[in-house]
1. Please tell me if B:Ala242 is within 21 Å of B:Ala66 (Cα to Cα) and at pLDDT below 95.
2. List, please: which pairs have Cβ atoms under 6 Å, are six or more places apart or on different chains, and start with a residue in segment B:37-62 that is within 8 Å of chain A (Cβ to nearest Cβ) and at pLDDT 95 or above and end with one that is crowded, with 24+ Cβ neighbours inside 10 Å and assigned to a strand (DSSP E or B)?
3. Give me a count of the residues in segment A:149-172 that are in contact with a helix residue (DSSP H, G or I) (Cβ under 6 Å, 6 or more places away or on another chain) and surrounded by 14 or more Cβ atoms within 10 Å (Cβ to Cβ).
4. Before we move on, is B:Tyr101 over 15 Å from the mean Cα position of the chain (by Cα), under 22 Å from B:Ala143 (Cα atoms), in contact (Cβ under 8 Å) with a residue 12 or more places away in the chain and within 14 Å of chain A (Cβ to nearest Cβ)?
5. Only residues that are farther than 22 Å from B:Ile206 by Cβ, more than 8 Å from chain A (Cβ to nearest Cβ) and surrounded by 15 or more Cβ atoms within 10 Å (Cβ to Cβ): list them for segment B:123-143, please.
6. Residues of segment A:179-208 being away from chain B (no Cβ under 12 Å) and either farther than 18 Å from B:Asp128 by Cα or in a loop (DSSP other than H, G, I, E, B) (or both), which ones?
7. Taking segment B:13-35, which residues are more than 14 Å from chain A (Cβ to nearest Cβ), over 26 Å from B:Thr268 (Cβ atoms), in a loop (DSSP other than H, G, I, E, B) and touching a Ser or Thr at 6+ places or on another chain (Cβ under 7 Å)?
8. Pick out the one residue from A:Leu55, A:Leu31, A:Leu38 that is within 14 Å of another protein chain (Cβ to nearest Cβ), assigned to a helix (DSSP H, G or I) and within 26 Å of A:Ala96 (Cβ to Cβ).
Amino acid sequence: MSDPNGTELSHVPDSAGRFGEFGGRYVPETLTRALDQLSAEYTKAKQDPSFQRELNGLFSDFVGRPSPLYFAKRLTEMCGGAQIWLKREDLNHTGAHKINNTLGQALLTRRMGKNRVIAETGAGQHGVATATACAHFGIPCSVYMGAEDVRRQSPNVYSMKLLGAEVISVETGSRTLRDAINEAMRDWMASVETTHYIIGSVVGPHPFPMIVRDFQSVIGIEARAQCLERWGQLPNTVIACVGGGSNAAGIFFPFVEDEEVELIGVEAGGRGVSIGDHAAPLSHGAHGILHGSYSYVMQDEDGQTSDVHSVSAGLDYPGVGPEHSYWKDSGRATYTDCLDDDAMAGFEALVKNEGILPALETSHAIAKTIEIAAQRSSDEIILVCLSGRGDKDAAEIRRLRGDES
Amino acid sequence: MSDVDRLFADLKAKQQKALMPFLTAGDPNISFTARAMSRLEEVGCHLFEVGFPYSDPIADGPIIQASYTRLLDRGLKQADIWQLLKNTQSMNSPRVGMCSYAIIHRRGLREFTDMANGHGVAGLIVPDLLVEESGPLRAECQARDISLIPLITPTTPPDRARRIADAATGFIYYVSITGITGERTQLPPELTENVSWLKEQTPLPICIGFGISQPEHVRLLAPVADGLIVGSAFVRRVAEAADIAKEETVLAELEKFAKGLLAELSSTSG
């Protein structure tokens, strides 16, 4: 399957980091050498069998991969339509898909001879996964987190501290994920010669969107093989939530050339379609530049990044990975959004029917899956990326539901 | 030839070095920025860098970032900045815009450079536009005699520095430190050597910025640079002018600070 320029959809990005017209590198000159060094080291590592061997060893013995493919029987019965299968990234060590990327990038950090790591985090899952990888390798680590997210994801803040990371609360701007990325970038501007920035999603300047996608692709590679093994066929539909879009990129990418497989990304619809009420740039935004790449973004007419809202800290972001913009505009994937309240209903349906507590981020994908499954026949198979578990959200959910402690 | 080229040719003939204050556009309001520019021109500043506030600046330190946030929260629009540039169009000193590519791209490269040209903007500094991505904007700037001024940093490898210099117009903005903008007490020891090397690679003037805030810095750098850019040290003083009663005091303070730097600049360049 090709884009309008004749490039096969899986053969991106090009050497300039372009996914079609999206991606690229829009950063201060100071960071260029480190980005070039990262590109070069990643290219070498990919061709080095010992790198892949070490990463695969960590995936199996430290993370617990492969993650299971689970049939959500009662949820399927509740919907009365397509079969719902869950790719259980929530069962990974640290409770989400984020660890797939942080271990890969920690190995790259060591190969580049850098002795410190920084990261940003929204929900705290990437922060915990980075702190975990750094504790594993003995690398000092600082994590930037918006002050609003420090409040709503406090269990993860404490976990990061236990793991030895310094957690820096960011008080600027909207005090969420976007501001945490700004602060991490500013730190990197001064520390770039000795520090690696482990970015947590398929966003940022080239080569980050490619590297993070590749490390997360283990999700889709495993899931595709598990589907073929179980049914001798591919799923009809793959669904994942999209904030920056790393779990979605990870599960979608290995299916991109399978034209018959429908790919659906679910953004945070928040409180509604007005600007500032949602975090759904693919659904409601326009082409623009944010955090080093060209992609869909929520921006005003002056090019200032708009405020966004989501009940889920991990989706509360005004941009999205450039490869998702590429898949959207080429028609390979479709993107929709899910309201805060519907995500909460999705959360409750999965808890009650399956005994699985999903993250609020993941609950967006679950809610949309319930809606879509009900419209499809029982012959069809929907594969959902259950990207993370919801323990971190328990206190916030209690607050939102108004339950007593 | 842009107004930036003419200014540096003129200064070279007179064996003078340039002082270029950075001011955030509209901080704390449009009329104050215009008055500050005019007063600083009167005491001898040579050209001005006018910063377009941006919601997500990555190269800027806390002082300049805070000025951006303050103004955007107060509802400053791009139209207000064009008004400022219109109001200061009769000044003799060239005005250079410092603007994120996110803003320029959103407006459209052609429309943005048309606006810049129409308001007499002599050059653009686009801190998040690398030489690899700069072709389209460079073409639009060239067509309108607007200098497109690139940044070269201590982390830029030599061959890349040459490539950036070859594509540059106006002058080269040499970033003194590896980091973000903001006043520093000490500048890196290898700075003068790096700038001297760069001078041999390009016929363009080289202005040094980031961290410069004290007369001692001027004494150190004036011999190697063609100009010095001072940002946070001005913006920090301007922040006091949020209180209207203090506007006059702040203007006097800005003048005094600039005079101190200019005195050092002329005695050192001599």
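1. In short, yes.
2. From segment B:37-62, the pairs are B:Ser55/A:Thr305; B:Asp56/A:Thr305.
3. First, pick out the residues of segment A:149-172 that are in contact with a helix residue (DSSP H, G or I) (Cβ under 6 Å, 6 or more places away or on another chain): A:149-150, A:152-153, A:155-157, A:159-160, A:163-165, A:167, A:169-172.
Remaining after also requiring surrounded by 14 or more Cβ atoms within 10 Å (Cβ to Cβ): A:149-150, A:152-153, A:155-157, A:159-160, A:163-165, A:167, A:169-170, A:172.
Qualifying residue count, segment A:149-172: 16.
4. Judged against the criteria, B:Tyr101 is a match.
5. The answer is B:Glu140, and nothing else.
6. Result: A:His196, A:Ile198, A:Ile199, A:Gly200, A:Ser201, A:Val202, A:Val203, A:Pro207.
7. Correct list: B:Asp27 only.
8. Working: A:Leu55 fails: within 14 Å of another protein chain (Cβ to nearest Cβ); A:Leu31 fails: within 26 Å of A:Ala96 (Cβ to Cβ).
Only one candidate passes the filter, namely A:Leu38.
The values are calculated or read from the model by the stated rules, or taken from the named source; none is laboratory data. This one's a predicted model, so the numbers in the text were calculated from it and none came from an experiment. Backbone-built Cβ (ideal geometry, glycine too); neighbour counts: all protein chains shown.
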